[in-house]
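In what follows, a structure is listed as structure tokens, so that the remarks can point back to it.
The values are calculated or read from the model by the stated rules, or taken from the named source; none is laboratory data. Worth saying up front: this structure is predicted, and the values here are computed from it rather than measured. Cβ: placed from backbone, ideal geometry, glycine included. Neighbour counts: every protein chain shown. We work out accessible area using only protein heavy atoms, side chains counted, and drop any ligands, DNA or RNA first. Shrake-Rupley method; radii C 1.70, N 1.55, O 1.52, S 1.80 Å.
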Amino acid sequence: MELTSGSTYQAASKVAAPIEEHFVKHLACAERNGEEDLATAPSAMLIEKIIDVAFWASLRKEEGITTRISLAFMHPDQVGKPLLFEHRIPLNAKLLTKLAPGVERAGVHVGIWFEDDELYIWGTTIQLPNYCFVVDVSEPGLLVVKHRRITGLGKFTNVAVLRGDQIKIVNEDSGLLPDSPAILTTLLGVESTTVWNHPVNVLIQIAVSMRAHRRGGILLVTPSNHDGWKESIVHPMQYPIAPAFTGVADLIRQDGNTVSEIYWQNALRREVENVTGLTAVDGATVINDQQELLAFGVKIARASWSTPVDEVLFTEPIIGGTPLQIHPSKIGGTRHLSAAQFIHDQRDALALVASQDGYFTVFSWSETAQMVQAHRIDILLI
């Protein structure tokens, strides 16, 4: 694809400069810190062109099936074992659509590079250098710009989400707000861990799986040192678990040196799906902070000694987003109101709420603001 000025997808030109700034900043910081295996930051013009082609490809179909594909900007020499095409393929929407059925599976990326003012496809790869620019075509009109975490673990870090003419650029500084829950700060890259079975990394995988089943649901994460949470639910519980189910918890407790990361990831995927499938059942699913399953299908009720929750501090980690104090019913339906009430009563707990329309909200208690805070994080989970 020849690099001419301008793009037919106007949103691409609007996000190109801030996305370039993000990658330049993080790659420079990583280099100063002595990190290795770093990607190359694409220019704003390259970013604009790649996003433009990806958008129009997302609206096309091949044999009646929509395009799903992941594009990664890197030279083939930057990965260990690339699958190289004998001849370069021009980067355009038509050819991406033709290629998509063979590369749509998770973990496969189409390699993009440029030479002589032309963008082209050189092959595919399952490995990426650190901070590699990736555009994920998730569904028609929906693009996610992301990069691999510097540790190479867990979900990619999202930089921007484009849905038609709607643009959301992630504000990393949102994770610096007081009392931000660990799941938010980790997704934003403010905090990270090199331990692949860290409980926060596991909770992120649970959140991704909850959102993926598209049925909606509530997951309550309660302290393991007491059962005060039972004061905020209706008794008798419909589906209590006794003894607590420890499928996910047992994996977390394993010594990371005794099993391979691939084995653990596959095992975790099965156990996570086992638990998150239950969140589709009417009512809330309850686990403790050790990821032990305690119950599902439970009904949340205001504790006898508590008061109704009137306001929550609502935030979304995007550029231009400002915290709002609103009634929880304005965030969503009865799930959101119930989750807010539960955290209002059980202030050492966490509530994760998935909506059928893809929205995802984390409720936690803010000691600083002395109120429930609701973080909408679906932009980080796509």
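Quick rundown of the values:
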quantity	calculated
Single condition Val145 does not satisfy, out of (1) modelled with pLDDT of 85 or more; (2) more than 12 Å from the chain's Cα centre (by Cα)	(2)
Evaluation of Asp357 against (1) in contact (Cβ under 8 Å) with a residue 12 or more places away in the chain; (2) open to solvent by 10 Å² or more (accessible area, probe 1.4 Å); (3) of a type outside the set (Lys, Arg) (one fails), failing number	(1)
When residues of region 247-266 are limited to those that are surrounded by fewer than 16 Cβ atoms within 10 Å (Cβ to Cβ) and of a type in the set (Val, Ile, Thr), the one modelled with the highest pLDDT	Ile262
Whichever residue in region 331-351 is more than 19 Å from Gly228 (Cβ to Cβ) and under 22 Å from the mean Cα position of the chain (by Cα) and, among such residues, is most open to solvent (accessible area, probe 1.4 Å)	Arg335
Among (1) over 26 Å from Leu187 (Cβ atoms); (2) among the hydroxyl-bearing types (Ser, Thr, Tyr); (3) crowded, with 16+ Cβ neighbours inside 10 Å, the one test that Thr222 misses	(1)
Every residue from region 303-325 that is open to solvent by 30 Å² or more (accessible area, probe 1.4 Å) and over 30 Å from Ser174 (Cα atoms)	Ser304, Trp305
Selection from region 60-80 of residues that are of a type in the set (A, V, I, L, M, F, W, C) and either part of a strand (DSSP E or B) or in contact with a helix residue (DSSP H, G or I) (Cβ under 8 Å, 6 or more places away or on another chain) (or both)	Ile65, Ile69, Leu71, Ala72, Phe73
Region 360-377, residues that are of a type in the set (A, V, I, L, M) and open to solvent by 10 Å² or more (accessible area, probe 1.4 Å)	Ala369, Met371
Residues being assigned to a strand (DSSP E or B) and touching a residue at least 40 places away in the same chain (Cβ under 8 Å) - total across region 113-131	10
Candidates Val134, Val110, Val161, Val144 - the one that is in contact with a His (Cβ under 9 Å, 6 or more places away or on another chain), buried (at least 19 other Cβ atoms within 10 Å of the Cβ), assigned to a strand (DSSP E or B) and in the same structural domain as Glu21 (by the TED database)	Val134
Looking only at region 26-56, and only at residues there that are free of Cβ contacts under 8 Å to residues at least 12 places away in the same chain and closer than 17 Å to Val159 by Cα, the one that is least open to solvent (accessible area, probe 1.4 Å)	Ala28
Options Leu381, Leu324; residue that is more than 20 Å from Pro199 (Cα to Cα), hydrophobic (A, V, I, L, M, F, W, C) and touching a Phe, Trp or Tyr at 6+ places or on another chain (Cβ under 6 Å)	Leu324
Search result, residues across region 200-217 that are assigned to a helix (DSSP H, G or I), within 11 Å of Gly358 (Cα to Cα) and open to solvent by less than 50 Å² (accessible area, probe 1.4 Å)	Val208, Met210, Arg211
